[in-house]
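**Student:** Attaching a single structure in structure tokens format; questions to follow.
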């Protein structure tokens, strides 16, 4: 997942906004690694049928016993993915939804 973050931060559309250097990206990924609980993803049958490359994200969330998986990727909101996550008590939220929950939790 950390390699994926590093790759995504190099996308031209993100670079156009943030203009991150390789050093900035490396520093950010190392920071995330230092505050993260590193887990070995579970394996199983395909879940994200429209984009199987996203399955490791779901299985990493499962292995990490997360409460929330935050994404705006529409493939995660397909009925089969929602059902899988629901069975494992993983709630899917967009970034905006998660920020609203955090704001209510932290500031009432």
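The values are calculated or read from the model by the stated rules, or taken from the named source; none is laboratory data. A quick note: this is a predicted structure, and the numbers were derived from the prediction, not measured. A quick note on method: Cβ atoms are made from the backbone with ideal geometry, for glycine too, and the neighbour counts reach across all protein chains shown.
**Student:** List pairs: first in the stretch 1-19 and over 19 Å from residue 59 (Cα atoms), second surrounded by 10 or more Cβ atoms within 10 Å (Cβ to Cβ), Cβ under 6 Å, 6+ apart or cross-chain?
**Tutor:** 6/25; 6/29; 9/20; 9/25
**Student:** Select from the stretch 70-97 the residues that are in a helix (DSSP H, G or I) and within 12 Å of the chain's Cα centre (by Cα) and write down the one among them that is farthest from residue 60 (Cα to Cα).
**Tutor:** 95
**Student:** Select, from 88, 75, the only residue that is surrounded by 10 or more Cβ atoms within 10 Å (Cβ to Cβ), under 21 Å from residue 8 (Cα atoms) and either assigned by TED's automatic domain parsing to the domain that holds residue 8 or modelled with pLDDT of 95 or more (or both).
**Tutor:** 75
**Student:** Check residue 85 against each of (1) touching a strand residue (DSSP E or B) at 6+ places or on another chain (Cβ under 8 Å); (2) at positive phi and name the one condition it does not meet.
**Tutor:** Only one criterion in (1) touching a strand residue (DSSP E or B) at 6+ places or on another chain (Cβ under 8 Å); (2) at positive phi is unmet by residue 85, namely (2).
**Student:** Can you tell me which residues in the stretch 5-17 are surrounded by fewer than 12 Cβ atoms within 10 Å (Cβ to Cβ) and not in a loop (DSSP other than H, G, I, E, B)?
**Tutor:** Correct list: 7, 8, 12, 13, 16, 17.
**Student:** Here is a follow-up. Within the stretch 35-54, identify whether any single residue is assigned to a helix (DSSP H, G or I), surrounded by 13 or more Cβ atoms within 10 Å (Cβ to Cβ) and modelled with pLDDT under 95, and answer yes or no. Talk me through it step by step, then tell me what you get.
**Tutor:** Filtering the stretch 35-54 for residues assigned to a helix (DSSP H, G or I) gives 35, 52-54.
Narrowing the set further to residues that are surrounded by 13 or more Cβ atoms within 10 Å (Cβ to Cβ) leaves 54.
From what's left, modelled with pLDDT under 95: 54.
Yes, some residue in the stretch 35-54 is assigned to a helix (DSSP H, G or I), surrounded by 13 or more Cβ atoms within 10 Å (Cβ to Cβ) and modelled with pLDDT under 95.
**Student:** Does any residue in the stretch 85-108 that is in contact (Cβ under 8 Å) with a residue 12 or more places away in the chain come within less than 6 Å, Cβ to Cβ, of a residue that is part of a helix (DSSP H, G or I) six or more places away or on a different chain, and which pairs are these?
**Tutor:** Sorted first by the residue in the stretch 85-108, then by its partner, the pairs are 88/62; 90/61; 92/76; 92/85.
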